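Visitor: Take this structure first; my questions come after.
The numbers here are math on the coordinates, done by the rules we state, and not lab data. From a predicted model like this one, the values you see are computed outputs, not experimental measurements. A quick note on method: Cβ atoms are made from the backbone with ideal geometry, for glycine too, and the neighbour counts reach across all protein chains shown.
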Amino acid sequence: MKITIEQYEEKFTYEGGDGLSVSELIEHLYGLCIVVGYHPESVGGAMYDKGQEVSQVEEKDVVSSGVYEPEKDEFVVKSRYGEERKFTILGMNCVEYSFKDVEHVGCSRNDDGSLHSVDPGGGPYIAIGTMLGNVNKKLEGKTVTKIKADEHTAGTYYLTVK
């Protein structure tokens with residue numbers, strides 16, 4: 001098998017034996033994307049998103065669907081400047097991340113324009129792949145797979161988690 005990516009008059013190629021498993025193929029595609037210059041987290045996130053898009057397994061996505069099944073669990077953590085950061089579990093796979101001090105919020109985006117991370121002044125920094133148990137033990141087992149800003153309320157973000 002031969003896979004070649006051409007970009008800016010440069011060629012990046014993988015040549016290997018035939019009969020690769022799908023996992024091996026994806027691993028080589030991932031590696032080629034990194035060599036070309038894409039960020040590892042962006043490549044991984046894009047591959048994950050594409051897999052979810054074409055998969056027969058339907059993941060209930062609270063962020064996109066607008067399904068809102070509030071639970072009573074709210075957790076407050078402090079930024080390094082003492083500002084409150086609130087995490088509220090809205091459903092089985094959605095956590096609201098909100099804060100009031102919205103003047104100095106950094107965000108990064110994936111290649112498709114979707115949010116990759118949100119970083120209010122003093123943190124905590126939250127990105128695709130963040131294990132929320134590291135932010136608050138009560139959020140153990142929840143890993144961020146998608147981030148969406150609330151269009152109507154500054155400082156409010158919805159985290160799809162698995």
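Visitor: Between helix 40-54 and the chain, what is the angle of the helix's C-alpha long axis to the longest principal axis, kept within 0 to 90° and rounded to the nearest 10?
Guide: With rounding to tens, the tilt is 90 degrees.
Visitor: Let me ask something else about it. Specify the residue with the greatest mean-square fluctuation among T130, T13, T88, computed from a Gaussian network of the chain linking alpha-carbon atoms under 10 Å apart.
Guide: Taking springs between Cα atoms under 10 Å, the residue moving most is T13.
Visitor: Another question about this same structure. Please give the net charge around N136, taking every other residue with its beta carbon less than 13 angstrom from that of N136, where Lys and Arg add +1 and Asp and Glu add -1.
Guide: +2
Visitor: What is the extension gain from V22 to N134, computed as 0.36 nm multiplied by their sequence separation minus the C-alpha to C-alpha distance, in nm to one decimal?
Guide: Working: separation 112, 0.36 × 112 = 40.32 nm, distance 3.22 nm.
Stretched out fully, the V22 to N134 stretch lengthens by 37.1 nm.
Visitor: Among the lysines, which have Cα under 16 Å from the Cα of K137 when same-chain residues fewer than 8 positions away are ignored?
Guide: Answer for K137, where 16 Å is the Cα cut-off: K78, K86, K162, listed by chain and number.
Visitor: Quick one: R80, R85, R109, fewest Cβ neighbours within 10 Å first, how do they rank? Could you put the intermediate results ahead of the total?
Guide: Details: R80 9, R85 22, R109 12.
Exposure proxy ranking, most exposed first: R80, R109, R85.
Visitor: Against the empirical 2.2 N^0.38 Å scaling, what ratio does the C-alpha Rg of region 2-54 come to?
Guide: That works out to 1.19 for region 2-54.
Visitor: Enumerate by residue number the chymotrypsin sites (Phe, Trp or Tyr not before Pro) in region 66-162 meeting two conditions: DSSP loop (anything except H, G, I, E, B), and at most 14 other Cβ atoms within 10 Å of the site's Cβ.
Guide: Here the sparse-neighbourhood loop sites are Y68, Y81, Y125.
Visitor: Take M92 and I5, extend 7 Å from each Cα along the Cα→Cβ direction, and tell me the distance between the two endpoints in nm.
Guide: Taking the simple label geometry, M92 and I5 are separated by 3.6 nm.
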